[in-house]
1. Here are A:Leu417, A:Leu403: which of them is touching a strand residue (DSSP E or B) at 6+ places or on another chain (Cβ under 8 Å) and part of a helix (DSSP H, G or I)?
2. So which residues in segment A:234-267 are at the interface with another protein chain (Cβ under 10 Å from one of its Cβ atoms) and either on the phi > 0 side of the Ramachandran plot or among the basic types (Lys, Arg) (or both)?
3. State all residues of segment B:131-155 that are at the interface with another protein chain (Cβ under 10 Å from one of its Cβ atoms), out of contact with any strand residue (DSSP E or B) (no Cβ under 7 Å at 6 or more places or on another chain) and part of a loop (DSSP other than H, G, I, E, B); if no residue qualifies, say none.
4. Can you tell me which residues in segment A:128-137 are surrounded by fewer than 20 Cβ atoms within 10 Å (Cβ to Cβ), part of a loop (DSSP other than H, G, I, E, B) and in contact (Cβ under 8 Å) with a residue 60 or more places away in the chain?
5. From the list A:Thr457, A:Thr409, pick out the single residue that is closer than 25 Å to A:Arg367 by Cβ, of a type in the set (Val, Ile, Thr), part of a helix (DSSP H, G or I) and more than 11 Å from chain B (Cβ to nearest Cβ).
6. Assess whether A:Lys152 counts as being without any contact (Cβ under 8 Å) to a residue 60 or more places away in the chain and more than 14 Å from the chain's Cα centre (by Cα).
7. Need the failing condition index for A:Gln331 against (1) loosely packed, with under 11 Cβ neighbours inside 10 Å; (2) modelled with pLDDT of 95 or more; (3) within 30 Å of the chain's Cα centre (by Cα), just the number.
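The values are calculated or read from the model by the stated rules, or taken from the named source; none is laboratory data. Please read all numbers here as calculations on a predicted model, not as lab measurements. Don't worry about glycine lacking a Cβ; one is built from the backbone with ideal geometry, like all the others, and counts go over all protein chains shown.
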Amino acid sequence: MAIFQARTWLSRSFSTLSSHPLRVCVVGSGPAGFYTAEKMLKAHQEAEVDIIDRLPTPFGLVRSGVAPDHPETKIVINQFSRVARHDRCSFFGNVTLGSSVSLLELRELYHVVVLAYGAESDRELGIPGEDLVGIHSAREFVWWYNGHPDCKNLDLDLKNTDTAVILGQGNVALDVARILLRPATELATTDIASHALAALEESSIRKVYLVGRRGPVQAACTAKELREVLGIKDLCIHLQEADLPKTPKDEEEIKNNRIQRRVYELLSKAATTGPSHPRSGQRELHFVFFRKPDRFLESDERRGHVSGVHFEKTVLKDVGDGKRIAVGTGQFEDLECGMVLKSIGYKSVPVDGLPFDHQKGVVPNIRGRVLHDTSGDATLLEEGLYVCGWLKRGPTGIIATNLYCAEETVVSISEDLNLLASKASLPKPGREGLLHLLDNRKVKFMQFSAWEKIDSTETRLGSLKNKPRDKLTTWEDLLKVARE
Amino acid sequence: MLVSKVSRAGILMLRGLSRGKLTPITRAGYIQRPYGQYLQPWFERQTETKVFQGSIFLKHHNFSTTTTANASEEGSEKEETISVTFVDKDGEEQHIKVPIGMSMLEAAHENDIELEGACEGSLACSTCHVIVMDVEYYNKLEDPADEENDMLDLAFGLTETSRLGCQVIAKPELDGIRLAIPAATRNFAVDGYVPKPH
């Protein structure tokens, strides 16, 4: 109740005490960016919100991350489109933080800058052989099948091997396994990128390993995704019963965690149902637990190419605080494969002028307020600078997680604006200033109407192929259609 | 949510107009959306969602009509409704009348109640999470299907009497039901990770 009253009072304060509108810039147009924009527009009736994104197409991972066979998850785009079309909101695509405009410049142009640009890089394993051909991050593979223009030309070879190893057992790992193992005919009616569909139609991959360092109790995926992959037609599931037994510590971990409990139940049911003897050519999915990658093996016939992964067997060790980590046992085992996809986590990328915690891969912040450095000193704040989404919390959670993340950041902003208003704040150039700057720099920004042209082109092309859309996947095509 | 006020008459009229519109569902649960559906104004889409609701509710049919459509077809002015109270995260109550067969999510949106619905009722998110405040009413609901439980796994502030608002369909036995919209919590993690206090 108090927060609600405080929020409305705070939002009125800024506009009554100051005679100019609040200018807000949100960097990044994924869920974090759009939920933040929506809440700012609602909480501050005079605010103008500009959303910038380096791609001409908005929506971040909703467009480039959510799997093609999960169209219902993308419905939230309708809500985000309504925000973009709000009369106090403007979308600027093809504007890159760092090159089109610097962080310093944005902070001069706007009262409030919220960085919500997510995580466009990958955690590394740091083990030998990691740069062999045939090893990619799951992020790159996902961008490839989702038609992200940066991964159109990913050097992927699905024809030189019948086995792929996926490191990690989260939902991204399951997505990637599913796309590799689903019959291509099922993918043909989704919005999967055409080049990916063509490659998957010719793929020789029949066996996929999903490898985790820890056990089934610790698997990071969730029930819906697991249920879905276990239900794929003609797919043989392999799971060692020996990996299943729960220790008392496992029982305790599961006791208060509904997600882990239901995931474990699904995995144990899959193990006891047992693999039917695979017909030749039938596809296989193997869940492998308690294996930590030690190094990648290089092929003798194809120098520079990966031919397998050398794993160390692990056990779980208590490290205090109720936490357990996987530690090596000194016993090793190899898995042969021609492709490896690392699904061990995304990582954010810093920009000039932005405090960054390189260890955690996030911007140091307290409830969304950016801190001056990583010392944890809460009194040293970067005024007017905020974060939301993965850049703030790390690369975990679902789309809805950003709802609450944005709520928290917007409350922090509103509290700070109230303090600012009492010290006669200055007007800022905002949108006009940004347009002027981009014009001087000859940056060809794309407004939301440009995305609408891309959208209707993709939908029209898709209808010719019985797909909901046929994505434009090169910068060239996207910019050409946007400017028509 | 940025919802512009739409007149009740407008909604009733549109519901009538779109009564014939049915949304086929394939086995994979994929919905063929009409071209440019994202361009439709909010209130039209809610009507489509309601028909979809009925489709999910009567799970075994590929095409289905909702009980609401049947009720309206009788042409009587007085639709059968139940009383529902929404309690928002600040404790404020809103008493509304919900026609039999309508989902709580749609009813909330028709009455400008702030209940998120990111996937618009397709069981692909947990944002319409509501807490049934009285256990006797919770017990009157059909058990959630696996698909709903999978989404409830991810809901914030999950309780023993939590349900997804898009899956709670108004029926006479639920007259007087009270639904709380959960407060945002600071524990954002979906993978069981408990953040260290700082």
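1. Just one listed residue meets the conditions, A:Leu417.
2. Within segment A:234-267, A:Arg258, A:Arg261, A:Arg262 qualify.
3. Correct list: B:Asp153, B:Leu154.
4. Passing the criteria: A:Pro128, A:Gly129, A:Glu130, A:Leu132.
5. A:Thr409
6. no
7. (3)
Here's the yes/no breakdown for (1) more than 13 Å from chain B (Cβ to nearest Cβ); (2) in contact (Cβ under 8 Å) with a residue 40 or more places away in the chain; (3) within 19 Å of A:Val349 (Cα to Cα); (4) within 24 Å of the chain's Cα centre (by Cα):
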| position | (1), (2), (3), (4) |
| --- | --- |
| A:Thr36 | yes, yes, no, yes |
| A:Leu41 | no, yes, no, no |
| A:Pro56 | yes, yes, no, yes |
| A:Gly60 | yes, yes, yes, yes |
| A:Asp69 | no, yes, no, yes |
| A:Asp87 | no, no, no, no |
| A:Leu106 | yes, yes, yes, no |
| A:Tyr110 | yes, yes, no, no |
| A:Gly126 | yes, no, yes, yes |
